[in-house]
1. Need the failing condition index for Gly178 against (1) assigned to a helix (DSSP H, G or I); (2) farther than 30 Å from Met1 by Cβ, just the number.
2. Residues that are aromatic (Phe, Trp, Tyr) and in contact with a Phe, Trp or Tyr (Cβ under 8 Å, 6 or more places away or on another chain): find the helices (runs of 4 or more DSSP H) completely inside region 182-237 holding 3 or more of those.
3. Using the structure shown, decide if Ile93 is farther than 24 Å from Lys196 by Cα and surrounded by 18 or more Cβ atoms within 10 Å (Cβ to Cβ).
4. Charged (D, E, K, R), under 25 Å from Lys221 (Cα atoms) and modelled with pLDDT of 95 or more, is that true of Glu155?
5. Listed residues Glu127, Glu86, Glu76; which is over 21 Å from the mean Cα position of the chain (by Cα), among the acidic types (Asp, Glu), modelled with pLDDT of 65 or more and not in a helix (DSSP H, G or I)?
6. Look at Leu195 and say whether it is within 29 Å of Ser122 (Cβ to Cβ), surrounded by 13 or more Cβ atoms within 10 Å (Cβ to Cβ), without any contact (Cβ under 8 Å) to a residue 60 or more places away in the chain and within 16 Å of the chain's Cα centre (by Cα).
7. Quick one: count up the residues across region 89-124 that are more than 17 Å from the chain's Cα centre (by Cα) and part of a loop (DSSP other than H, G, I, E, B).
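The values are calculated or read from the model by the stated rules, or taken from the named source; none is laboratory data. Everything numeric in this text was worked out from a predicted model, so none of it was measured. A quick note on method: Cβ atoms are made from the backbone with ideal geometry, for glycine too, and the neighbour counts reach across all protein chains shown.
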Amino acid sequence: MLELHQFRHSPYCLKVRMALAAKKLAYRTVEITPAIGQLDIFQKTGQKKLPVLFDKETTIHDSSSIIRHLEKIEIEPKLIPEDLKEASKVQIIESWADTTLAKSIKIVFLEELTKNPILISSLFAKEISYSMQKLLINIPTKITSQISGLINQKEKESLKLNLEYLSHLIDQENFLIGEKLSVADISVASHLSLLKFPNSSGESLQGKGCSLYINDPSLQKLFNWRDFIEDQLAITNHN
């Protein structure tokens, strides 16, 4: 069985889980403890970042590379269209979501943590010790000065504008490219999780996130679309 080593609430790990669900592939997850668990992964694979997928003797890291591997082992449904033009558009959106969109969302999410530091304790598995949780809760207050230098009104306005563009794109269609689910949809939907955590995040997090965006009426269609995408995917996690 496929084995996914992950941080549950990482958008990149969610991206892989959504692809696995779309492919209806059976898999199990291994939740990695920050720092200590990452050291173990590094010793096994030479990679510190997650997700990492183990497929028998094959080890694949990076969410995009993992999805390309899944496309090979389970051809249908295709997450990258056969049509070259559509495939190009899908991969451009995936690259944009994993870089530009992800960076902007991460910045505003870190700012949210400085305002609501208790949120961070819900991001990690219950197995983490109280002392570790306390340390993690204290981190945002220590980086407040750094975040204030990163965040500015222009940055927020740019993110808001991009989110509104996405809302317009999905207003009349279920999918960003073509008439079927693709990695473009999965990539965008997964990164939106840090703005507003989906139901799959569990009771302690679902519906929470960045208050500035959660309460914005102009973005509700976008979050509803994200939920629609996730609701269409069967649960195949056999952990």
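1. Gly178 satisfies all of (1) assigned to a helix (DSSP H, G or I); (2) farther than 30 Å from Met1 by Cβ except (1).
2. Working: elements: 183-191, 211-214, 220-231.
Those helices (runs of 4 or more DSSP H) do not exist here; none qualify.
3. Numbers: farther than 24 Å from Lys196 by Cα: no; surrounded by 18 or more Cβ atoms within 10 Å (Cβ to Cβ): yes.
Considered against the rule, which asks whether it is farther than 24 Å from Lys196 by Cα and surrounded by 18 or more Cβ atoms within 10 Å (Cβ to Cβ), Ile93 comes out as no.
4. No: the conditions fail for Glu155.
5. Glu76
6. no
7. Result for region 89-124: 1.
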